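A quick write-up on the structure given underneath.
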Amino acid sequence: MSKTKKFLKLETELKDYKKMMREASESILNNYVSDYPIFIVHQQTVEIGIPIARKEDVKGNWSINASSLEEMVSKQIIFERKVENFKKIFKDPKNHLCLFVLSELGAQFIFIPRD
């Protein structure tokens with residue numbers, strides 16, 4: 001399966017998670033936790049973020065943790081020297097969800113529309 005097809009499949013699989021990610025994003029923004037909410041999408045155990053969906057408890061194949069740019073920097077997933085570059089590519093969280101996807105494709109940031 002091509003990389004493009006894998007991303008399209010992933011986006012389809014994540015449709016059922018969008019509502020909870022939107023709500024978590026709004027909570028992060030409205031409570032001034034961060035201006036940069038990031039969702040870790042994974043199938044294995046990770047030590048970052050707050051779990052909002054566990055694949056064992058939902059009908060999908062993915063677990064989702066809510067995190068932020070600040071936590072990603074403190075855990076050295078994003079290096080301090082790369083923060084300004086990351087902020088430049090970060091899409092408006094009112095319109096997009098930022099996902100840090102850990103999959104067979106490796107670890108990648110992707111942005112998907114909120115709706």
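Read-outs throughout are calculated quantities, based only on the coordinates presented, and are distinct from any laboratory measurement. Treat the numbers as computed from the prediction; the structure is a model and nothing was measured. Methodologically, a virtual Cβ is constructed for each residue, glycine included, from the backbone with ideal geometry; neighbour enumeration extends over all protein chains shown.
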* To do: With a cut-off of at least 1 residues that are without any contact (Cβ under 8 Å) to a residue 24 or more places away in the chain and more than 22 Å from R22 (Cβ to Cβ), name the strands (runs of 3 or more DSSP E) lying wholly within the stretch 33-115.
  => 106-113
* Just give me the residues in the stretch 19-42 being in contact with a Leu (Cβ under 7 Å, 6 or more places away or on another chain) and over 21 Å from I89 (Cβ atoms), in sequence order. => H42
* Structure fact -> Within the stretch 69-114, residues touching a Pro at 6+ places or on another chain (Cβ under 9 Å) and under 20 Å from A53 (Cβ atoms) come out as P93, H96, L97, C98, R114
* To do: Show the residue pairs that are 6+ apart or on different chains and have beta-carbon atoms under 8 Å apart, the first residue being within the stretch 1-27 and touching a residue at least 12 places away in the same chain (Cβ under 8 Å) and assigned to a helix (DSSP H, G or I), the second being polar (S, T, N, Q) and surrounded by 13 or more Cβ atoms within 10 Å (Cβ to Cβ).
  => K6/S103; L10/S103
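Within the stretch 48-84, can you find the residues that are in contact with a strand residue (DSSP E or B) (Cβ under 7 Å, 6 or more places away or on another chain) and hydrophobic (A, V, I, L, M, F, W, C)?
Passing the criteria: I48, I50, I52, A53, W62, I64, A66, L69, M72.
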* Among the candidates S74, S67, residue that is surrounded by 14 or more Cβ atoms within 10 Å (Cβ to Cβ) and of a type outside the set (D, E) -> S67
* the stretch 43-64 - residue that is in contact with a Leu (Cβ under 9 Å, 6 or more places away or on another chain) and under 15 Å from K15 (Cα atoms) and, of those, surrounded by the fewest Cβ atoms within 10 Å (Cβ to Cβ) -> G60
